[in-house]
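Pasting a structure here, questions to come.
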Amino acid sequence: MIYAFLDQHQDSWPVRVMVFVLEVSPSGYYAWKDRPLSPRQHRRDRLLVEITAVHEQVKHRYGSPRLHAERKAQGHGWCINSVAAIMRQARIRAKTARQFKHTTDANHSRPVAENVLDRQLTATRPNESWVADLT
């Protein structure tokens, strides 16, 4: 984590200054930078690409359990906890469905205004009748 920070900010600050401030060794940073990725990290990166692709296909609606089931149906055997951890790390989240909200309530005891126009929408002069739509 510290080495990744150093790598991201080496254009802003000299590496020697940052390793001194963060109390890490310069040789450790350069060894980390030249070290190849582990097989585990390669698998995680590949899984992230696959998860992102499936997540796009389902329009961001699936969380880790459904994505795991989808991948399992495709013949890929990954642990659900791995899928959840990778999604959490990459900040991939499912869209939550909005709950239906009732906007009108016809069953009430309050007085209702009388329908004066009764769909007679022709007027003989200006400002004779005004209408509005509550929706």
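The values are calculated or read from the model by the stated rules, or taken from the named source; none is laboratory data. For clarity, every value in this text was computed on a predicted model and none was experimentally measured. As a convention, Cβ positions derive from the backbone with ideal geometry for all residues, glycine included, and neighbour counts pool all protein chains shown. With ligands, DNA and RNA removed, areas are computed over all heavy atoms of the protein, side chains included. Shrake-Rupley method; radii C 1.70, N 1.55, O 1.52, S 1.80 Å.
Given (1) over 18 Å from the mean Cα position of the chain (by Cα); (2) open to solvent by 60 Å² or more (accessible area, probe 1.4 Å), where does Val19 come up short, assuming only one miss?
(2)
Moving on to the next point. Name the single residue, out of those in region 82-121 being over 16 Å from Ala132 (Cβ atoms) and among the basic types (Lys, Arg), that is most open to solvent (accessible area, probe 1.4 Å).
Arg98
Still on this structure, please answer the following. Quick one: in region 22-50, which of the residues that are open to solvent by 100 Å² or more (accessible area, probe 1.4 Å) and part of a loop (DSSP other than H, G, I, E, B) is farthest from Ile86 (Cα to Cα)?
Going through the qualifying residues, I end up with Glu23.
Only residues that are under 30 Å from Val58 (Cα atoms) and either of a type in the set (A, V, I, L, M, F, W, C) or in contact with a strand residue (DSSP E or B) (Cβ under 8 Å, 6 or more places away or on another chain) (or both): list them for region 89-135, please. Write out each step before concluding.
From region 89-135, those under 30 Å from Val58 (Cα atoms) are 89-103; that's our starting set.
Passing the criteria: Ala90, Ile92, Ala94, Ala97, Phe100.
Looking at this structure, is Tyr3 open to solvent by less than 70 Å² (accessible area, probe 1.4 Å), within 16 Å of the chain's Cα centre (by Cα) and of a type in the set (Ser, Thr, Tyr)? Working first, answer last.
Details: open to solvent by less than 70 Å² (accessible area, probe 1.4 Å): yes; within 16 Å of the chain's Cα centre (by Cα): no; of a type in the set (Ser, Thr, Tyr): yes.
Answer is no for this residue.
Conditions tested, residue by residue: (1) over 30 Å from Leu67 (Cα atoms); (2) under 46 Å from the mean Cα position of the chain (by Cα).
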| residue | (1), (2) |
| --- | --- |
| Ala84 | no, yes |
| Gln89 | no, yes |
| Ala94 | no, yes |
| Phe100 | no, yes |
| Leu117 | yes, no |
| Ala123 | yes, no |
| Glu128 | yes, no |
| Val131 | yes, yes |
